[in-house]
Amino acid sequence: MELILDFLSNTGFALADYRHLIMIAVGCTFIYLGIAKHYEPLLLVPIGFGILMGNIPVFRGLGLGIYEEGSVLHYLYFGVRQGIYPPLIFLGIGAMTDFSTMLARPKLMLLGAAAQVGIFITFLAALALGFPANEAGSIGIIGGADGPTAIFLSAKLAPELVGPIAIAAYSYMALVPVIQPPIMYLLTTKEERLIRMSDPRPVSKREKIIFPIVGFLLCCLLAPAALPLLGMLFFGNLLKECMVADRLAQTARTALIDIVTILLGVTVGASTQADVFLTAKSVGIFCLGAASFMVATAGGILFAKLMNLFSKDKINPLLGAAGVSAVPDSARVVQLIGNREDPGNYLLMHAMAPNISGVIGSAIAAGVLWSFLL
Amino acid sequence: MIHSEELRQSPFLADFTESDIAHLAQIALPTRWRPGEAIFSARSPAKYLYILKSGSILLCFPNGRSFVVREPGQLLGWSSLVSPFHYTATGLCLTESTLFQFPNSELYKLFQMDAGLGQRVMQKIAAIMQERKPYRTREIRA
Amino acid sequence: MYGLSAISAANGWLITAAGITIVFTGLVVLALVLANLEKTLTAWDRRHEMLEKRRRIPKAAPSPEEMAAEKPKAVPTPTTPVVDLSTEQMEVYAYFQWLANRQGETFSLPRLLEQAEKRGIRNPYTHLDLFLRLGLIQELGGTQRGFYRWNPDVVVRSAEEAEVGS
């Protein structure tokens, strides 16, 4: 009898408190959003299930929890703590992304740079709210709208915040279609939204092959701390474009990125144990993260309007919203809004240019913050 | 996945490169439909683009207009790539038909990998939209 | 520490200014390089050609046959003054005419099919396709595009009539 009572007192039912239930509800919401609403399902489903896994209350000392030395989840979480998974994801992104729209119209890259203002403004806001500098930097990077970059930087600067920052970053990435449109409408006039972009020039294969090498050298010589992320991004792109390593490119953009996404999603989800996650600091991170995302969107749009003041070849300012990374969702939102105003206006391909340069810009910003704040 | 040779016959893809067609063939699925079946319905979420391989499809617009697509290689379901991503017509199968189905999620992935292909597809769709515009007008017939 | 003093204490202003400058510099330099990459490559190619003095092979003009093949072929307009239909087809044809006339001289095909389905007419879809292909039903033009009428120029007769006639 005593044995049974002992067993019962060690079950999850007995050990759970309201915080675990809240987190389990959050996990279920993520899974629901992924499956029913198709919001970033490849990320939200693993993260959602990871949240469920991380919030089954377990008896400490059994070596089950993600924060317990020697547990399976702890080993898998190593890739997050040491910043191994994000560069591998960047390798896959590089191997699946065509940079030709950016090569065809390089001035659109400035929109990707402008959107990174959100990172730094949020960094300042977090400092002003009393967050230590390393945590403020990690929170600011949420505005880069790039999950792997946010995880990479927070793993380096504030490892204890990886869970909330990753959840915030991926939540806002999934909510791009909800967060961005009101800002886009607010900051643009109907006439501006109707601007049609001229067709980009064709880009030769040789340019596409040279770009990852030149891009890597320029960016990493300027911000060496961005090397793990940008190195892998450009390397993946070189594999894709060089045509002689197609098998490697194929693996990087399919099997490898899928495996790493599963491991990253589940472990990040599992790292949100109720006792670590449900704190006032997490609420602050979520609020600042949302602000960061909105400021980044606004930054890109306003910069596009500024460019239009000095340029004959007008840019549709909606493209600025794609300057936040979130590839390719923010580009799709630009297409959707532009298309709603003028069904014959196709902005998707043009939006991919700031979108991709936003990935490069946020990785540089992460490198800069890392080197300043470490 | 289908053989790229099957897609090459489509006039819609006439000026596409071999590699474009090979990429599209990788994500295409052959689907078969019987007379009377609705391939897609007007105002429902548009998730697939179709290319007709054989058969006849009647495109019925909610305003009562319609036209028949029976030339192999013609494109149906362009709404899958254009806002608001809801079909503007119902595709009714008139005779036994085979269509190649392209999920829009896969198409977007493909466009991410090859922006030029995306540009070419979008331009083609623009032309088709223009062509079919009279059918979407709300003008009531006499 | 909170507010502006917290920002100053953590060198926030300096980090922000440096960060934004570095991000912009990186992307601006990259954009400049990319903007000139095509020109550089073209210049490089020309120099190579000049040095090697390779003879340029002009692209052969397309032959008249090729040009002819590229021209869209004119679709011949089928003229089908008399159409022979089987008994079953005749029956469906009569039903269709009756149903279409309820809509008026011009009619909508989806509505016609809907009515035909309701009344249990045999294979309405394949029959409609047949009538369209035979030119018995004609699409209208102009603002009436997408609506149809019976083709008054086509004579329809049953297969039996055709046999007697021949």
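The values are calculated or read from the model by the stated rules, or taken from the named source; none is laboratory data. Note that the structure is a prediction, hence the values are computed from the model and not measured. Methodologically, a virtual Cβ is constructed for each residue, glycine included, from the backbone with ideal geometry; neighbour enumeration extends over all protein chains shown. The accessibility values were calculated without ligands, DNA or RNA, using every heavy atom of the protein model including side chains. Shrake-Rupley method; radii C 1.70, N 1.55, O 1.52, S 1.80 Å.
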Could you tell me how far the Cα centroid of segment B:26-71 sits from the Cα centroid of segment B:78-123, in Å?
11
Do the sum for the protein assembly as shown: with -39,500 (n - 2.57) for every DSSP H run of n ≥ 4, divided by all residues, what is the mean residue ellipticity at 222 nm, to the nearest 500 deg cm²/dmol?
-19000 deg cm²/dmol
Counting other chain Cβ atoms within 10 Å of each Cβ in B:116-123 and taking the mean gives 5
Heavy atoms only, probe 1.4 angstrom, no DNA, RNA or ligands counted: give me A:F235, A:F90 ranked by accessible area, highest first.
A:F235, A:F90
Percent RCO, i.e. relative contact order, over segment B:4-135, from Cα pairs under 8 Å lying at least 6 residues apart
31
To the nearest µm²/s, what D does Stokes-Einstein give for chain B at 37 °C and 0.692 mPa s, using the Kirkwood radius over alpha carbon pairs as Rh?
215
Total charge of the residues flanking A:M173 in space, meaning their Cβ is under 11 Å from its Cβ, with Lys and Arg +1 and Asp and Glu -1, is -3
Which value in nm describes the separation of the simple spin-label points at B:Q26 and B:Q123, placed 7 Å from the Cα toward the beta carbon?
2.3
Within segment C:80-119, list the residues whose amide N lies under 16 Å from a label point set 7 Å along Cα→Cβ of C:Q144.
C:100-109
Most fluctuating residue of A:E191, A:E241, A:E69 in a GNM of chain A with Cα springs under 10 Å: which is it?
A:E191
Within chain A, how many Lys pairs sit with Cα atoms under 23 Å apart, leaving out pairs fewer than 8 places apart on the same chain?
12
Under a cut-off of 14 Å between alpha-carbon atoms, report the aspartates and glutamates in cross-link reach of B:K133, not counting same-chain residues fewer than 8 places apart.
A:D342
Backbone N within segment B:98-141 under 18 Å of label point (7 Å from B:A14 Cα along the Cβ vector):
B:120-132
Within segment A:336-369, backbone nitrogen closer than 20 Å to the virtual label 7 Å beyond the Cα of A:A245 toward Cβ
A:360
Centre separation in Å (Cα based) which lies between segment A:117-155 and segment A:1-20
39
Taking the Cα centre of chain A as origin, work out the dipole magnitude from +1 charges on Lys and Arg Cβ and -1 charges on Asp and Glu Cβ, in debye rounded to 20.
1240
Compare B:S80, B:S19, B:S66 in a GNM of chain B, Cα atoms joined below 10 Å, and give the one with the largest fluctuation.
B:S19
Semi-axes of the equivalent ellipsoid for chain A, Cα gyration tensor, largest first, Å:
38, 22, 19
In whole percents, the bins of 10 Å from zero upward hold the Cα-Cα pairs of segment A:181-324 as 9, 20, 29, 30, 11, 1
Can you give the accessible area buried between chains A and C, summed over both chains, with a 1.4 Å probe, in Å² to the nearest 100?
2800
Kirkwood estimate for the protein assembly as shown, i.e. one over the average of 1/r between Cα atoms, Å
28.4
Rounded to the nearest 100 Å², what is the buried accessible area between A and B, both sides summed, probe 1.4 Å?
1700
Relative pair counts by distance (%), Cα atoms of segment C:82-165, 10 Å bins
17, 52, 26, 5, 0
Provide the FRET efficiency to the nearest 0.05 for the A:K312-A:R60 pair, computing r from the beta carbons and using R0 = 60 Å.
0.35
Using a probe radius of 1.4 Å on heavy atoms only, what accessible surface per residue do you get for the protein assembly as shown? Whole Å² is fine.
46
On a 1.4 Å probe surface of the protein chains, which of A:F13, C:F107 comes out largest in accessible area, and what is the full order?
A:F13, C:F107
In whole percent, what relative contact order does segment A:241-354 give with Cα contacts below 8 Å and a gap of six or more residues?
16
Could you please state how large a percent of the accessible area of the protein assembly as shown is carbon and sulfur, counting protein chains only and using a 1.4 Å probe?
63
Pick from B:L110, B:L13, B:L52 the residue whose mean-square fluctuation is largest in a GNM of chain B, springs joining Cα atoms under 10 Å.
B:L110
For the protein assembly as shown, give the magnitude of the charge dipole about the Cα centre (Cβ charges: +1 Lys/Arg, -1 Asp/Glu; no others), in debye to the nearest 20.
1680
Partner shielding of A:126-135, taken as the mean number of other chain Cβ atoms within 10 Å, equals 5
In debye to the nearest 20, the charge dipole size for chain B, taken about the Cα centre with +1 at each Lys and Arg Cβ and -1 at each Asp and Glu Cβ, equals 660
